[in-house]
Amino acid sequence: MGKQPVRMKAVVYALSPFQQKVMTGLWKDLPGKIQHKVSESWLGAVLLLGPVVSTYTYVQYYQEKEKLAHRY
């Protein structure tokens, strides 16, 4: 008795382009999740948000200074 080949059906997973609820769980109650993470670990939040906010502020200041540089 020899082995006989058996046809297997392939399972293909795909997202429908019309499906709108792909990542709703990620964005649901986002401010509450952020507040919980910050209150749970405020030191980590400060160490993460501090450089980001300071860099953003510096870039805004630099761009404004560059826009006004031609006036002097």
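Using the scaling law 2.2 N^0.38 Å as the reference, what is the normalised Cα Rg of the chain?
2.37
How long is the gain from Lys65 to Val38 if the chain were fully straight, where each residue apart is worth 0.36 nm and the alpha carbon distance is subtracted?
Extra length from Lys65 to Val38 when fully extended: 6.4 nm.
Give me a comma-separated list of calculated 3J(HN,Hα) values for the stretch 40-48, in order, Karplus coefficients 6.51, -1.76, 1.60 applied at θ = phi - 60°, integers in Hz, x for any Gly or Pro.
Once rounded to whole Hz, the list reads 6, 9, 5, 5, x, 5, 5, 5, 7.
Okay, which of the stretch 10-32 sit inside 18 Å, backbone N to the point 7 Å along the Cα-Cβ direction of Leu49?
Backbone N within reach: 29-32.
Taken together, the values in this text are just the output of simple stated rules run on the coordinates, not laboratory data. If you're wondering where the values come from, they're calculated on a predicted model, not measured in any experiment. With ideal geometry, Cβ positions are generated from the backbone for all residues, glycine too; neighbour counts draw on all protein chains shown.
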